[in-house]
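Have a look at the structure below, then the notes.
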Amino acid sequence: MLAGICAAAMVWFPVLTIMALPSVNYNEGWNAYRQWMALQGQKLYGSPPGLWTTNYPFLSFHIVALLSGAKAHMVLAGRVLCFASLVAVSVLAGLIVCEETGSRAAGVYARLCLFAWLGAFNGQGRAMNDPEMLSAACAMLGLYAYVKGQRFLGLAAVAFAFSLFIKHDFIGFPLAVALHLAVSRQWRGLAVFVAVGIAVCGLLLALSYHLDGPYFFPMFLQPRAYLWSNLVAEALHFLLHFAVALAIGVAVLWRTRGLWLILLVCTLPLSIVFAGGDGVAANIFYPAAISSVLACVIGLRRLRGKRIFAPALGVVTLVGAVMVSFQLREDIAALQRGPARAAAARQVIALLEATKGPVLCEDMLLCYDAGKAMDFDPYYVRDQILIGRMREDGIMALLAAHHFAAVQMDGRPRGRFTPGVLQALASGYQPALVNRYDTVLVPRP
């Protein structure tokens with residue numbers, strides 16, 4: 001009952017705000033530009049990295065572009081697909097648990113918990129124009145196909161390949177399946193799984209080159225700054241939400257050394273390593289979070305009939321309810337400030353639309369909605385300056401020459417401009433619009 005209430009509490013906010021301005025986070029505008037490129041037939045990897053790059057695989061951009069059918073609907077299509085993918089992930093989790101334990105009740109509990117806990121863990125990610133959740137849905141389909149039996153190994157490999165070409169973070173899932181096949185000495189199954197996976201990945205890579213140009217690897221492999229502070233913050237955020245589930249899953253399943261423990265071993269360390277990347281957010285821990293929930297619910301089912309079962313189930317459910325209550329409070333606050341935030345965004349968009357010439361936006365979705373071309377990614381430029389692959393004085397010279405007719409900055413800066421760039425903006429630009437959430441600068445006369 002409590003798990004069901006928690007899941008229901010995570011539904012209303014994304015449903016009410018799925019069409020709201022402005023962006024949920026920086027990635028929404030970044031993705032929208034690339035989805036529009038895909039719809040227009042422009043090549044995502046058609047030139048070497050410059051002041052922007054496309055360092056995600058190609059598939060999600062084309063999927064959202066086809067679903068949207070128009071530039072104005074791009075973000076909405078991405079958000080709807082994300083929310084539908086979250087539902088699919090939860091449903092597939094229930095099917096996996098039911099297949100593994102033979103218990104429909106455990107399957108229902110897994111569905112409710114995963115939906116509620118992922119929503120509480122990363123509230124933005126419930127309905128966001130970002131490919132992470134779609135990749136998770138494909139990875140879960142692959143995992144479900146695998147637990148269904150050997151005859152579905154080919155389907156599992158295909159689903160995992162599509163997951164990786166949507167977003168590569170779920171590499172731990174096919175690794176875990178391959179390791180489980182090797183540990184259980186299913187050599188024929190391993191050969192089929194690897195062969196089909198390589199073949200499908202090869203075909204998708206060839207399709208990427210055909211549709212989007214030859215610079216996939218130069219863009220995809222662009223290095224980024226590595227921030228230990230980011231790693232610590234995101235790892236602690238994950239543990240705050242999933243430490244209990246992780247502990248129960250490991251404690252119960254440790255002796256089995258089976259698929260679910262291997263899945264944790266393959267996903268958690270990778271999520272921790274990836275978490276140090278500049279700009280990485282909570283969704284980098286989706287693979288580890290999903291693995292923890294699966295291991296926990298399967299572990300709880302194996303405790304059924306033992307004295308510890310009821311207390312363990314109660315603690316897990318209560319911890320989930322506490323997480324949901326904190327997110328619910330954030331949702332209510334966000335809903336209350338929504339009208340003012342949307343009005344501020346419309347002000348900025350109207351000014352940018354009326355501005356002739358190139359525009360730079362810290363929130364790229366505002367530039368996208370204003371119909372401005374993408375020629376500068378502030379996060380990417382800052383990151384490349386930090387690691388020494390781009391010169392700060394070159395960007396400062398661009399600003400000194402008033403290359404941009406307007407520059408939008410967040411009211412609460414998120415650190416997407418280096419100190420030198422901020423200094424160049426302060427000396428060469430002046431405010432044309434200031435509201436509670438945004439500042440728009442224009443060149444000084």
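The values are calculated or read from the model by the stated rules, or taken from the named source; none is laboratory data. Note that the structure is predicted; figures quoted are calculated from it, not measured. Please note: Cβ atoms are built from the backbone with ideal geometry, for glycine as well, and neighbour counts cover all protein chains shown.
Of all residues being part of a strand (DSSP E or B) and aliphatic (A, V, I, L, M) in segment 418-444, which is surrounded by the fewest Cβ atoms within 10 Å (Cβ to Cβ)? Just the residue, please. This residue is 434. Do we have any residue at all in segment 206-213 that's touching a residue at least 12 places away in the same chain (Cβ under 8 Å) and at positive phi? Yes; the residues of segment 206-213 include at least one that is touching a residue at least 12 places away in the same chain (Cβ under 8 Å) and at positive phi. Only residues that are surrounded by fewer than 19 Cβ atoms within 10 Å (Cβ to Cβ) and closer than 15 Å to residue 200 by Cα were counted across segment 172-187, and they come to 0. Of all the numbered requirements in (1) in the same structural domain as residue 107 (by TED's automatic domain parsing); (2) in contact (Cβ under 8 Å) with a residue 60 or more places away in the chain, residue 305 misses one, and that requirement is (2).
Filtered by the rule that a residue be within 28 Å of residue 218 (Cα to Cα) and of a type outside the set (A, V, I, L, M), segment 51-81 gives 52, 53, 54, 55, 56, 57, 58, 60, 61, 62, 71, 78. Scanning segment 72-113 for residues that are out of contact with any Gly (no Cβ under 6 Å at 6 or more places or on another chain) and closer than 21 Å to residue 177 by Cα gives 88, 89, 90, 91, 92, 93, 95, 96, 99, 100, 101, 102.
Does segment 189-197 include one or more residues that are touching a helix residue (DSSP H, G or I) at 6+ places or on another chain (Cβ under 7 Å), assigned by TED's automatic domain parsing to the domain that holds residue 141, within 30 Å of residue 43 (Cβ to Cβ) and not in a helix (DSSP H, G or I)? No - not one qualifying residue is present in segment 189-197. Only one of the numbered conditions (1) surrounded by fewer than 21 Cβ atoms within 10 Å (Cβ to Cβ); (2) in a helix (DSSP H, G or I); (3) of a type outside the set (D, E, K, R); (4) in contact with a helix residue (DSSP H, G or I) (Cβ under 7 Å, 6 or more places away or on another chain) is violated by residue 233, and that is (4). The condition (being without any contact (Cβ under 8 Å) to a residue 24 or more places away in the chain and either part of a helix (DSSP H, G or I) or under 30 Å from residue 99 (Cα atoms) (or both)) is satisfied by just one residue among 314, 320: 314. Quick check: anything in segment 351-361 closer than 19 Å to residue 50 by Cα, of a type in the set (A, V, I, L, M, F, W, C) and in contact with a Ser or Thr (Cβ under 6 Å, 6 or more places away or on another chain)? No, every residue in segment 351-361 fails to be closer than 19 Å to residue 50 by Cα, of a type in the set (A, V, I, L, M, F, W, C) and in contact with a Ser or Thr (Cβ under 6 Å, 6 or more places away or on another chain).
Of everything in segment 317-358 that's of a type outside the set (A, V, I, L, M) and in contact with a strand residue (DSSP E or B) (Cβ under 7 Å, 6 or more places away or on another chain), which residue is surrounded by the most Cβ atoms within 10 Å (Cβ to Cβ)? Applying the filter and picking the extreme gives 355. Cβ-Cβ contacts under 9 Å between residues 6 or more apart (or on different chains), taken from a first residue in segment 238-264 that is outside the structural domain of residue 280 (by TED's automatic domain parsing) and assigned to a helix (DSSP H, G or I) to a second residue that is surrounded by 23 or more Cβ atoms within 10 Å (Cβ to Cβ) and among the hydrophobic types (A, V, I, L, M, F, W, C), are absent.
Restricting the search to helices (runs of 4 or more DSSP H) fully inside segment 1-91 and requiring at least 1 residues that are at pLDDT 95 or above, crowded, with 22+ Cβ neighbours inside 10 Å and touching a helix residue (DSSP H, G or I) at 6+ places or on another chain (Cβ under 7 Å) gives 26-40, 59-68. In the set 159, 139, 182, only one residue is within 27 Å of residue 53 (Cβ to Cβ), modelled with pLDDT of 95 or more and part of a helix (DSSP H, G or I); that residue is 139. Looking at residue 214, is it surrounded by fewer than 22 Cβ atoms within 10 Å (Cβ to Cβ) and either at pLDDT 95 or above or over 23 Å from residue 89 (Cα atoms) (or both)? Judged against the criteria, residue 214 is a match.
Consider segment 188-207 and keep the residues that are out of contact with any Phe, Trp or Tyr (no Cβ under 7 Å at 6 or more places or on another chain) and closer than 29 Å to residue 275 by Cβ. The one that is surrounded by the fewest Cβ atoms within 10 Å (Cβ to Cβ) is 198. Tallying residues that are aliphatic (A, V, I, L, M) and in a loop (DSSP other than H, G, I, E, B) within segment 376-417 yields 4.
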